[in-house]
Amino acid sequence: MEIREITDYLRTAVEGGASDLFIVAGGPVSCKAKGAIYGISAEKVFPQETERLIRGLYEQAGRDMGHYLASGDDDFSFAVGGLARFRVNAYRQRGSMAAVVRVVSFHIPDWQELHIPEQVINLAGADHGMILVTGTAGSGKSTTQACIIDRVNRTRSCHVITLEDPIEYLHRNEKSIISQREIAIDTENYLTALRSCLRQAPDVILLGEMRDHETIRTAMTAAETGHLLIATLHTNGAVNTIDRIIDSFQPAQQAQVRTQLSAVLHTVVSQQLIPAKDGGLVPAFEIMHMNSAIRSMIRDGKSHQIDNAIASGGAEGMMSMDQSVLNLYRDGLIDRETALGYAVSAEQMKRRMG
């Protein structure tokens with residue numbers, strides 16, 4: 001069997017645009033790119049080989065293996081100059097060593113090549129309020145956030161603090177100062193980091209995820225006090241996002257939260273990845289910007305009316321998910337069956353296709 005060093009596999013992963021590298025006994029060393037997993041070693045690897053490769057990861061990081069050997073789990077990061085930064089989760093499975101290596105790229109993707117709408121990237125110009133980027137796991141939220149932060153970095157002079165788990169893209173200081181903090185490595189948790197960063201003179205705060213009502217409350221307070229806060233939630237659509245935030249609080253608090261949220265919310269961007277004609281994935285977006293009508297709907301508990309406001313808000317830069325899917329179809333990026341399959345209303349989509 002060809003003996004390849006761990007650095008060879010890391011380089012193959014980066015050059016192939018992979019998000020993750022898998023080292024698991026019983027199959028080939030594999031990469032994940034564009035939602036698909038494929039082998040990159042000539043043959044299957046077995047426990048002796050996976051151990052050799054994982055020891056190579058520890059050597060690259062200059063890290064002792066004692067904790068991993070004792071517990072069976074370990075997280076650590078390291079960088080390879082001129083290549084990328086890597087986040088490693090080493091674990092045991094069926095008695096053998098295994099690892100998943102996340103590629104943390106030095107390169108920020110081009111938002112136009114990714115088909116992210118310009119009105120999403122232009123959110124970098126907002127100077128205060130809360131911007132939420134939502135979608136299921138693996139829908140590209142972190143990439144969209146990274147592109148917005150990159151625009152901030154290139155066009156504004158400010159202090160950006162990112163709180164991420166894990167860090168997925170590395171930002172070099174351009175016009176701005178970027179402080180990137182990784183949860184469990186640089187700080188204890190999201191809530192602790194968020195409370196601390198308010199004393200670190202931030203202009204823009206990127207919050208990887210709002211996981212509980214305490215983090216949500218602190219995030220809303222940060223947005224109220226003049227910061228631009230960009231956060232993610234695992235929700236589909238603006239209506240579900242607003243309801244999820246309000247439902248995370250006790251009933252007695254919800255009226256106050258509605259009022260506060262209606263005042264601080266700036267935009268909700270919801271996205272999903274759709275199979276493209278070329279075999280890759282292309283994102284579709286719902287974009288809701290706040291206006292006086294939508295603020296009133298949130299305050300009055302009439303969030304079910306928001307979808308109609310989004311559909312009729314094109315002149316204000318809003319976009320429904322179905323409009324985005326239709327645009328992808330008309331641009332030739334997805335086929336008819338895919339467009340109908342991902343539409344919120346397949347019947348309306350069919351009529352609009354003509």
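Some points to look at:
- Within region 198-218, being in contact (Cβ under 8 Å) with a residue 24 or more places away in the chain, farther than 23 Å from Arg244 by Cβ and surrounded by fewer than 22 Cβ atoms within 10 Å (Cβ to Cβ) holds for Leu198, Gln200, Ala201, Pro202, Asp203.
- Residues satisfying the stated conditions in region 17-39, i.e. hydrophobic (A, V, I, L, M, F, W, C) and in contact with a strand residue (DSSP E or B) (Cβ under 7 Å, 6 or more places away or on another chain): Ala18, Leu21, Phe22, Ile23, Val24, Ala25, Val29, Cys31, Ile37
- Of all residue pairs spaced 6 or more apart or on separate chains, those with beta-carbon atoms under 6 Å, a first member in region 64-93 that is within 16 Å of Glu51 (Cα to Cα) and a second member that is assigned to a strand (DSSP E or B) and hydroxyl-bearing (Ser, Thr, Tyr) are Asp73/Tyr91.
- Within region 148-187, the residues that satisfy the criterion of being in contact with a Leu (Cβ under 8 Å, 6 or more places away or on another chain) and among the β-branched types (Val, Ile, Thr) are Ile148, Ile149, Val160, Ile161, Thr162, Ile183, Thr187.
- Looking at region 1-109, the strands (runs of 3 or more DSSP E) lying wholly inside it that each contain 3 or more residues that are out of contact with any helix residue (DSSP H, G or I) (no Cβ under 7 Å at 6 or more places or on another chain), of a type outside the set (Gly, Ala, Ser) and within 29 Å of Ile149 (Cα to Cα) sit at 84-93, 96-104.
- Residue that is farthest from the chain's Cα centre (by Cα) [pool: residues in region 286-330 that are more than 26 Å from Glu347 (Cα to Cα) and outside any helix (DSSP H, G or I)]: Asp300
- For beta carbons closer than 8 Å, sequence separation of 6+ or different chains, a first residue in region 305-325 that is more than 12 Å from Ser270 (Cβ to Cβ) and a second that is surrounded by 15 or more Cβ atoms within 10 Å (Cβ to Cβ) and among the β-branched types (Val, Ile, Thr), the qualifying pairs are Ala309/Ile294; Gly317/Ile287; Val325/Ile274; Val325/Ile334.
- Residue check, Ala346 free of Cβ contacts under 8 Å to residues at least 24 places away in the same chain, of a type in the set (A, V, I, L, M) and either buried (at least 16 other Cβ atoms within 10 Å of the Cβ) or out of contact with any Pro (no Cβ under 9 Å at 6 or more places or on another chain) (or both): yes
FYI, it's all coordinate maths here, none of it is from the lab. What you see is a predicted model, and the numbers here were worked out from it, not measured in a lab. Reconstructed Cβ throughout: ideal geometry from the backbone, glycine too, with neighbour counts over all protein chains shown.
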